[in-house]
Amino acid sequence: MKYFLVGGAVRDQLLNYPVLEKDWVVLGETPESMLSMGFRPVGKDFPVFLHPQSQEEYALARTERKTAPGYKGFSIDSAPDVTLEQDLMRRDLTINAMALSPGGQLIDPYGGRQDLEQRVLRHVSPAFAEDPVRILRVARFAARYQSLGFTVAEETRALMQAMVGNGEADHLVAERVWLELLKALNEPNPSAFFYTLKRCGALEKLFPEISRLFGVPQPEQHHPEIDTGEHVMLCLEQAALLSQAPEVRFAALVHDLGKGLTPAALWPHHYGHEQSGLPVLEAMCCRLRVPNTFKTLAQLVMKYHTHCHKALELRAATLTDMLIAVNAFKTSNSHLMEFLLACEADARGRTHFEARPYPQAGFIREAAQRALAINTAAVMNKRLQGAQIGAAIRQLRVEAIAEFIKIYRSDTKSS
């Protein structure tokens, strides 16, 4: 059996990146011959098999022909006479169109190694334009490799823009858009995903809620970067530095969606954007089938991030109610830590504010601990019922936090 290591494993090996999974392409075989060797079929749309020992994927070499709009409109030819070069030609980028023989020989018919060395993301052939998912994949690779200096080739950007212009991107289904977004959120520089989509016109099509933030001004004294779109990209980068959790990064990305609704006559101020953005977020999450874990945290950050920034000035009752909203007193389902990280990303996601301390996080955590330490025995002995119990416990927490605030402010003044 003739087989070659292909795709991301070859690319990352040449970049000295960790190879997380290996994909192999097989020449000269048929589904029947693969089954006879003990391979297990797993491919739905084309012949892919799992190796009987390693469980790695082995796909028959194939070509593709466009038959209908969208990313599923292809006919597949995986006949035994399909060559390795033909298989590599159907791939998206030159850096993904290399193969390595079992003996270590690099097969690179389309200049992938040179593009790796020159840090260029370039399409292999005009067939790139047949699959709109490739727009998202290029943006995701930009997010992964930005720190290495990779840029999108101008001819590839132009081709992506043409694809958007002729409506090819309109055929992307919500589940695939969310999947690629989720992968991008897990990359080292997720803002590059959105900037790449913006440069080819796809951001407005796929994420209009984010797109409309660009060009919307904010008060310069609080936001030296002024532009709201630039601000949320800075927030996203700060979230990537603060947390590995994609939920935190998503919350930082969408927390200011309400600013996209502010009438121009009110710029640069955005009064009430914390509330006005909630329906926009709801619609976005519904359209993209965003999981509830992402949606819930994003809603909390959107609604309460201003409260969080002003925590040192809040009344005890207001701070208590915010802590209740983020489930700070439910140890099994608390959103407090993730909420604070997203809010810190917002505070630091401003030009020249990147390294500024965020004492609000420690202050809120300590307030939550004081409120958690209350003795609820007295409440339980009062024979209260239903909502009365919750109200009494809340009052005890308000009092505990009020005492903490008093001590904190006294210590702050004396120091």
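Every number here is computed from the coordinates shown, using simple stated rules; none is lab data. Just so you know, these numbers come straight off a predicted model, no measurement behind them. Counting neighbours? That spans all protein chains shown, and the Cβs are built from the backbone with ideal geometry, glycine included.
Worth pointing out:
- Cross-link reach is defined here as a Cα-Cα straight distance under 20 Å, omitting same-chain residues fewer than 8 places apart; for Lys44 the lysines meeting it are Lys22, Lys66, Lys72.
- A simple rule links phi to the HN-Hα coupling: the Karplus curve 6.51 cos²θ - 1.76 cosθ + 1.60 with θ = phi - 60°, which for the stretch 181-197 gives 5, 4, 4, 5, 4, 8, 7, x, 10, x, 5, 4, 4, 6, 5, 5, 5 Hz, with x for Gly and Pro.
- Here the chain is assigned +1 on the Cβ of each Lys and Arg and -1 on the Cβ of each Asp and Glu. Its dipole about the Cα centre then comes out at about 1460 debye.
- Tilt relative to the chain, helix 387-414 - C-alpha long axis, 0 to 90 degrees, to 10: 80 degrees
- Applying the Karplus relation 6.51 cos²θ - 1.76 cosθ + 1.60 with θ = phi - 60° to the stretch 157-169 yields 3J(HN,Hα) values of 4, 5, 5, 4, 5, 5, 4, 5, x, 8, x, 4, 5 Hz, where x marks Gly and Pro.
- As a proxy for reagent exposure, ranking Leu319, Leu336 by other Cβ atoms within 10 Å from fewest up yields Leu336, Leu319.
- Summarising the label geometry, the points placed 7 Å from Cα in the beta-carbon direction at Thr351 and Lys413 lie 3.9 nm from one another.
- Taking each residue as 0.36 nm, the span from Asp81 to Leu15 lengthens on full extension beyond its C-alpha to C-alpha distance by 20.6 nm.
- Seen against the Cα atoms of the chain and their longest principal axis, helix 273-288 is set at about 30 degrees.
- The distance between label points at Leu312 and Cys286 comes to 4.1 nm (points 7 Å beyond Cα on the Cα→Cβ vector).
- This model, with +1 at the C-beta of Lys and Arg and -1 at the C-beta of Asp and Glu, gives the stretch 350-415 a dipole about its Cα centre of some 140 debye.
- Structural descriptor for the chain: relative contact order 10 percent, calculated from alpha carbon pairs under 8 angstrom and at least 6 residues apart.
- Straight-distance crosslink candidates among aspartates and glutamates, where the alpha carbon sits under 20 Å from Lys183 and sequence neighbours closer than 8 are dropped: Asp12, Glu21, Asp23, Asp92, Asp131, Glu175, Glu204, Glu209, Glu237, Glu247, Glu338
- The modelled label-to-label distance between Thr30 and Ser334, using points 7 Å beyond Cα along the C-beta direction, is 6.3 nm.
- Entries of Lys382/Lys406; Lys303/Lys406; Lys310/Lys382 with Cα pairs more than 32 Å apart: Lys310/Lys382
- Net charge of neighbours whose Cβ lies under 15 Å from the Cβ of Thr151, counting Lys and Arg as +1 and Asp and Glu as -1: +3
- In plain terms, the chain from Ser54 to Arg113 could stretch by 18.5 nm, reckoned as 0.36 nm per residue minus the Cα-Cα distance.
- Legend note: in the chain, cysteines whose Cβ sits 4.7 Å or more from every other cysteine Cβ are Cys200, Cys235, Cys285, Cys286.
- In terms of overall dimensions, the C-alpha atoms belonging to the stretch 1-110 reach 36, 35, 24 Å along their principal axes, ordered largest to smallest.
- Computing FRET efficiency as 1/(1 + (r/R0)^6) for Glu403 and Lys2, where r is the C-beta to C-beta distance and R0 is 60 Å, gives about 0.20.
- 3J(HN,Hα) couplings calculated from phi for the stretch 341-355 with the Karplus curve 6.51 cos²θ - 1.76 cosθ + 1.60 (θ = phi - 60°) are, in sequence order, 5, 5, 5, 5, 4, 5, 5, 8, x, 9, 4, 6, 9, 4, 9 Hz; Gly and Pro show x.
- Using all pairs of distinct alpha-carbon atoms, the Kirkwood hydrodynamic radius of the stretch 119-206 works out to 12.7 angstrom.
- Only the Cβ atoms of Lys and Arg (+1) and of Asp and Glu (-1) were treated as charged; on that basis the dipole of the stretch 119-206 about its Cα centre amounts to roughly 340 debye.
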